[in-house]
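S.K.: Attaching a single structure in structure tokens format; questions to follow.
The values are calculated or read from the model by the stated rules, or taken from the named source; none is laboratory data. Only a predicted model underlies this, so the values are computations on that prediction, with no experimental measurement involved. Here the Cβ positions follow ideal geometry from the backbone for every residue, glycine too, while neighbour counts run over all protein chains shown. Just the protein is used for accessible areas: all its heavy atoms, side chains included, with ligands, DNA and RNA removed. Shrake-Rupley method; radii C 1.70, N 1.55, O 1.52, S 1.80 Å.
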Amino acid sequence: MNKQSVPYIKVDELKSNSELIYLDAREPKEFNVSHIKNAIQVGFDHFKIQNVTSAVKDKNATIVVYCSIGARSERIGEKLLKSGYKNVYNLYGGIFEYKNTGGKVVNNLNIETDSVHAFNKEWSVYLTKGIKVYEN
């Protein structure tokens, strides 16, 4: 599905760097169910680069973009690279892989949750841990 136009970062590589900025390329209904703590929701369907440039002023910051499995986040990562951000990574396997490997996620109230928005029935097969939520 991906062209690997944005370098991947694997879940186990995240632990070694506490200076990462997470951008969630999923839609608000997905983000509200679960997201990586402190992630900034930037969306996909209505993505605006201005929302990122106002939140992340340092173009040398290390940014990890993620979505459900890594397809939408690659497209957003491409836009960030074109806008001059230098250290942009696509989270391999997205939030599904993050949750599958024991990563903690929070809901819109910043409370840890086992629920993960599964996007759709087809993609949900890649989520093997947690409670699958399809709508919110």
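S.K.: Mind checking the per residue accessible area of region 60-136 for me, 1.4 Å probe, whole number of Å²?
M.R.: With the other protein chains kept in place, region 60-136 gives 48 Å² per residue.
S.K.: Kindly give Rg over Rh for region 17-136, based on alpha-carbon atoms, with the Kirkwood expression for the hydrodynamic radius.
M.R.: 0.95
S.K.: Quote to one decimal, in nm, the extra length available between GLU135 and ALA71 on full extension: 0.36 nm per residue of separation minus the C-alpha distance between them.
M.R.: The GLU135-ALA71 span can extend by a further 21.1 nm.
S.K.: Tell me, in nm to one decimal, what length is gained between LYS29 and ASP12 on full extension, where the rule is 0.36 nm per residue of separation less the Cα-Cα distance?
M.R.: Result: 3.4 nm gained on full extension.
S.K.: I've got another one for you. For the chain, with the dipole built from +1 on Lys and Arg beta-carbon atoms and -1 on Asp and Glu ones, taken about the Cα centre, which of ALA39, ASN60, VAL105 lies farthest toward the positive end?
M.R.: ASN60
S.K.: Select from HIS35, HIS46, HIS117 the residue whose mean-square fluctuation is largest in a Gaussian network model of the chain (Cα-Cα springs shorter than 10 Å).
M.R.: Of HIS35, HIS46, HIS117, the most mobile in the Gaussian network model is HIS46.
S.K.: Taking all protein chains as present, what is the carbon and sulfur share of the accessible area of the chain, in % to the nearest whole number, probe 1.4 Å?
M.R.: Its accessible area is 49 percent carbon and sulfur atoms.
S.K.: With 14 Å as the cut-off, how large is the P(r) tail for region 86-136, expressed as percent of Cα-Cα pairs?
M.R.: 53 percent
S.K.: As a check on your grasp of the helix formula, calculate [θ] at 222 nm for the chain: sum -39500 (n - 2.57) over DSSP H runs of n ≥ 4, divide by the residue count, round to the nearest 500.
M.R.: Per the formula, -7000 deg cm²/dmol.
S.K.: While we're looking at this one, here's another question. Rounding to the nearest 10 and keeping the result within 0 to 90°, find how far the Cα-based axis of helix 71-82 lies from the longest principal axis of the chain.
M.R.: With rounding to tens, the tilt is 10 degrees.
S.K.: If you don't mind, there's one more thing I want to ask. About the Cα centre of the chain, what is the dipole size in debye to 20, counting +1 per Lys and Arg Cβ and -1 per Asp and Glu Cβ, all else neutral?
M.R.: Roughly 260 debye, rounded to the nearest 20.
S.K.: Another question, if that's okay. Which of rounded, prolate, oblate describes region 1-47, given a ≥ b ≥ c as roots of the alpha-carbon gyration tensor eigenvalues and a/c under 1.5 marking rounded, otherwise prolate only if a/b is larger than b/c?
M.R.: oblate
S.K.: Starting from the 7 Å offset along Cα-to-Cβ, what nm value, one decimal, do you get for the label separation of GLN4 and ASN87?
M.R.: My value for the distance between the label points is 2.3 nm.
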